[in-house]
Number of protein chains: 2
Amino acid sequence: MKVDSVDFFYVAMPEVTTEADGSQDALVVRVSAGGHVGWGECEAAPLPSIAAFVSPMSHGACRPVSDSVLGQTLDGPDDIRRMSAALAFNSMDLLQAAHTWSGIEMAMWDLLGHARGVPAWKLLGYDAAYPKIPYASVLFGTTPQGTLERAREMRGRGFRAVKFGWAPFGDSLAGDIAHLDAAREGLGPDGILLIDAGQIFGEDVDAAAARLDAMERNRVTFFEEPFHGSAYGAYGALRDRVKTVKTAGGEAAHNRYMAEHLIDFGRVGYIQIDCGRIGGLWPAKQVADYAAARGVTYINHTFTSNLALSASLQPFAGLKDHVICEYPTTLKQLAVDLTRNHIAPNANGEIEVPDAPGLGIEVNTDALKQYKVDVEIKVGGKTLFSTSAN
Amino acid sequence: MKVDSVDFFYVAMPEVTTEADGSQDALVVRVSAGGHVGWGECEAAPLPSIAAFVSPMSHGACRPVSDSVLGQTLDGPDDIRRMSAALAFNSMDLLQAAHTWSGIEMAMWDLLGHARGVPAWKLLGYDAAYPKIPYASVLFGTTPQGTLERAREMRGRGFRAVKFGWAPFGDSLAGDIAHLDAAREGLGPDGILLIDAGQIFGEDVDAAAARLDAMERNRVTFFEEPFHGSAYGAYGALRDRVKTVKTAGGEAAHNRYMAEHLIDFGRVGYIQIDCGRIGGLWPAKQVADYAAARGVTYINHTFTSNLALSASLQPFAGLKDHVICEYPTTLKQLAVDLTRNHIAPNANGEIEVPDAPGLGIEVNTDALKQYKVDVEIKVGGKTLFSTSAN
């Protein structure tokens, strides 16, 4: 098969706010090859990601993503890996390329899975997929009382594990402690409590460490992204100051090296990978192997649709001991509508990785029309991209 | 002053080839504030970089670059640093943002320098600027004989130091050895010979190490980018196998952490920073301080116009012992025409960092028109960017 076409679908809610909610828009990708179709999703800013695909070449090491994809042979996993290596070289100086490629790479595994009638996790080399304990991924309440109520709500919905994230966390020490206490109270003594600081402390180790007592008292399982994603020094320094809580990070990794460095130099206990950013399923699988060999727990990072969720589960589907997974529960309607089928907890409250061809998720093409954002890019009088054909 | 406007000028040669020559196009940036104007240049793919400025917001941590810039106070260096920190947070998930911001940040130092009548390097904290020994940055010849002739040509033009880079280096061991011997022969025994592998070995340490004997015999001063920019493990492993040659890298760093990690974990002897990628002058100055404190030599990375060259010299202008600088000598006419004044070696063959307000370079607005690439970006029926107004 040859890659015949790559199509991008930029969709968004009618109103996009400054809320730290990644499900307000999406960039869905469709790859066609040899009569087969696969779908993926970039966890990325749609417009620059489209531009990185259609951009004119700047020079030999700054070529558009399309140059390493269109017309290429796609007969098996090796072809995806070959294209990935070609892209890393050909688009070396095009920063956004990794985000654009992530959705394309994902769609290629989906396509191959459909062509062969096997789940993507089998193509990645796993013999079996093990169920995961989902943690509900929610934002903190605006007040501690709001956090408490959200924790209770999630328990009521059957979630044993809940991750609270972002603002107002970091605004004040007293406020943060109140939110931590409220979260524990709302979850009850047997709940699994996870915290996401959203990089709020930059690289201020003391500021992050000031929250540790309240975290350990409230038995927080992991403390995610206290710092800038690349501040390995700060991660390592905090690691030396924790007693029971583990650090977590990695969602910003846009290649596998970054994730491996966060393990080696930042010494995180949990490595969180978003397949929509790191370059798709294969680099994520490599990170999963790397983490497992070093006693670090792999977790998906997902705050968008169930298409992205399925993709992000594939790389650690076969790691039986890596049992928790991120499961977005407060998705905007767009992200719910984007797929015809959904991944819901089973009777045991567990998430099963789809045992169906490819990613096992059917994209709702009606939603792609309903939430469509029209884009037109012209360069030098030539239309490089237009949604009018969609 | 408030930042009143940021304008982008995408210019390109009539024909752009796959040659590894970054001067075939350019993205020039003009910042206006309080009646003053400053100029900068992104070393980046123009279209995705413009898209990152004008892009609709995806969520609170994936905002367009413009959100952290337009209307902001710009009265001094602290304001630039504040905007830089805001951008890192607001555009955390917009990968291309660092490249877009780099040109803007550069233009802000130029603007402040003009407003205060001082060079940018004084604003960065240096009392004096020391001359540098330029190395001519050229591509390898297609044959060893071509490399030999290019080396002689550069010596003839007065360059004592020459860096050869990219293809066909890496094609074959025998060929590489022939090119290394030819380069040394052409340079003569007292020439400073530098090699840039253009990441051709990926992370294959053995392949890179196979070239070390020929490099050490030919007294290569540094061996640049043997590997993927983030493959710190490979850099560190090669470091353990060299005798006299030093490793160099860092041009792809899009934040200061990446450069610091390459120093700490890749243990390079030379750290090469492109101000058009790392986020402008300030993070580069931080890296220069970091390198100097650790016995690592700082060098600019520049393969574009003299505007970018001046910008890239500022962060280490005051480091007297960091004496060599990259000096592009085979620029496409576009990059020559882009500025009205040029930085040329003085009677001693040295490069003097401009002792003039800001970056000390006057942009040729006629060239911006002559080489202009028309761009129009529409999203949701609204024109977000159009060159027609330029």
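Give the range B:210-269 a look and list any residue that's in a loop (DSSP other than H, G, I, E, B), more than 30 Å from B:Met92 (Cβ to Cβ) and not charged (D, E, K, R), or say none.
Once the filter is applied, which keeps residues that are in a loop (DSSP other than H, G, I, E, B), more than 30 Å from B:Met92 (Cβ to Cβ) and not charged (D, E, K, R), the range B:210-269 yields B:Ala210, B:Asn218, B:Pro226, B:Val242, B:Thr244, B:Val245, B:Gly269.
Return the residues of the range B:283-310 that are in a helix (DSSP H, G or I), in contact (Cβ under 8 Å) with a residue 24 or more places away in the chain and more than 23 Å from B:Phe164 (Cα to Cα); say none if nothing qualifies.
Those that are in a helix (DSSP H, G or I), in contact (Cβ under 8 Å) with a residue 24 or more places away in the chain and more than 23 Å from B:Phe164 (Cα to Cα): B:Pro283, B:Ala284, B:Lys285, B:Gln286, B:Val287, B:Ala288, B:Tyr290, B:Ala291, B:Ala292.
Tell me the residue from A:Ser102, A:Ser84 that is closer than 30 Å to B:Glu251 by Cβ, polar (S, T, N, Q) and either out of contact with any strand residue (DSSP E or B) (no Cβ under 9 Å at 6 or more places or on another chain) or part of a loop (DSSP other than H, G, I, E, B) (or both), please.
Result of the check over A:Ser102, A:Ser84: A:Ser84.
So, of the residues in the range B:5-21 that are assigned to a strand (DSSP E or B) and closer than 14 Å to B:Gln333 by Cβ, which turns out to be most open to solvent (accessible area, probe 1.4 Å)?
Per the stated criteria, the residue is B:Ala12.
Please tell me if A:Arg152 is over 26 Å from A:Gly318 (Cβ atoms), surrounded by fewer than 24 Cβ atoms within 10 Å (Cβ to Cβ) and at pLDDT 95 or above.
yes
Could you list all residues from the range A:230-249 that are within 22 Å of A:Thr302 (Cβ to Cβ) and open to solvent by 20 Å² or more (accessible area, probe 1.4 Å)?
A:Lys246
Given (1) more than 27 Å from A:Phe303 (Cα to Cα); (2) touching a Leu at 6+ places or on another chain (Cβ under 7 Å); (3) within 14 Å of chain B (Cβ to nearest Cβ), identify the lone condition not met by A:Ala61.
Among (1) more than 27 Å from A:Phe303 (Cα to Cα); (2) touching a Leu at 6+ places or on another chain (Cβ under 7 Å); (3) within 14 Å of chain B (Cβ to nearest Cβ), A:Ala61 violates only (2).
List pairs: first in the range B:361-390 and within 14 Å of chain A (Cβ to nearest Cβ), second of a type in the set (S, T, N, Q), Cβ under 6 Å, 6+ apart or cross-chain?
B:Asp374/B:Thr387; B:Val375/B:Thr387; B:Glu376/B:Ser386
Yes/no per residue for (1) within 14 Å of chain B (Cβ to nearest Cβ); (2) without any contact (Cβ under 8 Å) to a residue 12 or more places away in the chain; (3) buried (at least 23 other Cβ atoms within 10 Å of the Cβ); (4) not in a helix (DSSP H, G or I):
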{"site": "A:Leu94", "(1), (2), (3), (4)": "yes, no, yes, yes"}
{"site": "A:Leu111", "(1), (2), (3), (4)": "no, no, yes, no"}
{"site": "A:Ala115", "(1), (2), (3), (4)": "no, no, no, no"}
{"site": "A:Lys122", "(1), (2), (3), (4)": "no, yes, no, no"}
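Got at least one residue in the range A:191-198 being in contact (Cβ under 8 Å) with a residue 24 or more places away in the chain and more than 19 Å from A:Gly269 (Cα to Cα)?
Yes, the range A:191-198 contains at least one residue that is in contact (Cβ under 8 Å) with a residue 24 or more places away in the chain and more than 19 Å from A:Gly269 (Cα to Cα).
Which residues, taken from the range A:45-65, are open to solvent by less than 20 Å² (accessible area, probe 1.4 Å) and assigned to a helix (DSSP H, G or I)?
A:Pro46, A:Leu47, A:Pro48, A:Ser49, A:Ile50, A:Ala51, A:Ala52, A:Phe53, A:Val65
May I ask you to verify whether B:Ala252 is away from chain A (no Cβ under 14 Å) and not β-branched (Val, Ile, Thr)?
Criteria not met by B:Ala252.
Looking only at residues in the range A:114-146 that are small (Gly, Ala, Ser) and in contact with a Phe, Trp or Tyr (Cβ under 9 Å, 6 or more places away or on another chain), which one is farthest from A:Pro77 (Cα to Cα)?
By that ranking, first place goes to A:Gly146.
The values are calculated or read from the model by the stated rules, or taken from the named source; none is laboratory data. Because the structure is a prediction, the values reported are computed rather than measured. Cβ: placed from backbone, ideal geometry, glycine included. Neighbour counts: every protein chain shown. With ligands, DNA and RNA removed, areas are computed over all heavy atoms of the protein, side chains included. Shrake-Rupley method; radii C 1.70, N 1.55, O 1.52, S 1.80 Å.
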